[in-house]
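Report on the following structure.
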Amino acid sequence: MFYNAKNKEISINGFTMSYCEFGEGFPLILLPGLGDGITSVRGKALPLAFNYREFAKHFKCYVFSRRDNMTGGFTIDDMADDLHKALTALGIENAHVLGVSQGGMVALRFCVKYPEMVNKLIIAVSASRVNNLIETTIKAWINFAENDDYKSIFIDTAEKSYTEKKLRQYRPLYPMLYRITKPKDLSRFIIQAKAILKYDTYNELDKITNKVLIIGGSDDKIVGVNASLEMSEKISGSELFIYESLGHAAYEEAKDFNERVKHFLQKSRY
């Protein structure tokens with residue numbers, strides 16, 4: 001099996017979470033963005049291990065979805081608590097944590113609430129609180145979802161995430177891609193999206209004393225580059241890197257993203 005990639009599920013206190021694991025070494029937790037509300041990581045161990053093969057060579061990687069069954073009113077705080085329960089059940093006492101977009105929000109809350117479990121923290125194209133850009137975008141997506149308009153969610157997300165160069169490649173594929181990725185229903189997406197609108201951890205960022213790397217994109221049309229800048233200013237000793245001319249999909253489009261993260265994790269690791 002590629003880097004010993006495995007699809008797994010954990011049941012805790014009446015709820016289940018899907019996750020994938022691969023690689024060997026010190027634990028590295030990876031938390032995906034709001035796309036998890038469209039499709040979870042269930043069954044994706046092999047492609048994830050391939051995408052993150054640079055990590056798998058050095059770390060035991062765990063990619064967690066949010067819990068399978070959510071109810072209305074579920075919060076980012078609840079997601080952080082679920083992660084704590086999952087890691088505790090798996091016997092993981094300390095790990096590096098990488099969160100992308102909404103996953104970065106969960107990672108920040110997790111680090112604030114359970115700092116002893118976080119070795120190094122990487123927050124990519126994310127935010128510590130809702131700004132006008134995030135609010136406008138998320139409310140539009142919720143409206144699309146409540147009208148069962150997945151096509152508009154898919155296209156708007158792509159257009160706001162990728163560079164024009166990448167979009168020229170993707171646009172001809174839109175009709176096929178949104179059809180094959182459309183979920184049975186969008187209730188999970190709606191709950192996770194609404195959780196973002198209630199999220200605010202900005203005033204607690206100064207509690208974070210862990211080593212932190214913040215990565216943003218100068219042209220981010222979903223969270224905005226200022227979201228990265230204000231986190232960097234508030235978290236003492238944090239490192240900041242902004243990809244010029246890249247947007248919300250910088251973690252996909254930047255060829256050196258995984259290498260940059262790996263370098264941060266490997267220098268003076270403990």
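The values are calculated or read from the model by the stated rules, or taken from the named source; none is laboratory data. Remember, it's a predicted structure, so these values are computed and weren't measured experimentally. Every residue, glycine among them, receives a Cβ derived from its backbone with ideal geometry; neighbour counts consider all protein chains shown.
Within region 103-140, the set of residues being surrounded by fewer than 23 Cβ atoms within 10 Å (Cβ to Cβ), among the hydrophobic types (A, V, I, L, M, F, W, C) and out of contact with any His (no Cβ under 9 Å at 6 or more places or on another chain) comprises 112, 130, 133, 134, 138, 140. Residue 69 satisfies every condition listed in (1) out of contact with any Asp or Glu (no Cβ under 7 Å at 6 or more places or on another chain); (2) modelled with pLDDT of 95 or more except (2).
Within region 50-64, can one find any residue that is of a type outside the set (D, E, K, R), closer than 20 Å to residue 186 by Cβ and within 14 Å of the chain's Cα centre (by Cα)? No; the residues of region 50-64 include none that is of a type outside the set (D, E, K, R), closer than 20 Å to residue 186 by Cβ and within 14 Å of the chain's Cα centre (by Cα). Filtering 49, 56, 80 for residues that are over 20 Å from residue 5 (Cα atoms) and buried (at least 17 other Cβ atoms within 10 Å of the Cβ) leaves a single hit, 80. On inspection, residue 205 passes the criterion of being at pLDDT 95 or above and surrounded by 18 or more Cβ atoms within 10 Å (Cβ to Cβ).
Out of 230, 253, one residue alone is over 26 Å from residue 200 (Cβ atoms) and buried (at least 17 other Cβ atoms within 10 Å of the Cβ). It is 253.
Looking at region 1-74, the strands (runs of 3 or more DSSP E) lying wholly inside it that each contain 1 or more residues that are touching a residue at least 24 places away in the same chain (Cβ under 8 Å) and among the charged types (D, E, K, R) sit at 6-12, 15-22, 59-67. Per the listing 170, 162, 174, the residue uniquely surrounded by 22 or more Cβ atoms within 10 Å (Cβ to Cβ) and either among the hydroxyl-bearing types (Ser, Thr, Tyr) or out of contact with any Gly (no Cβ under 9 Å at 6 or more places or on another chain) (or both) is 162.
Of the residues screened, residue 127 is not one that is within 18 Å of the chain's Cα centre (by Cα) and more than 16 Å from residue 222 (Cβ to Cβ). Checked against (1) within 16 Å of the chain's Cα centre (by Cα); (2) at positive phi, residue 258 passes all but a single condition, namely (2).
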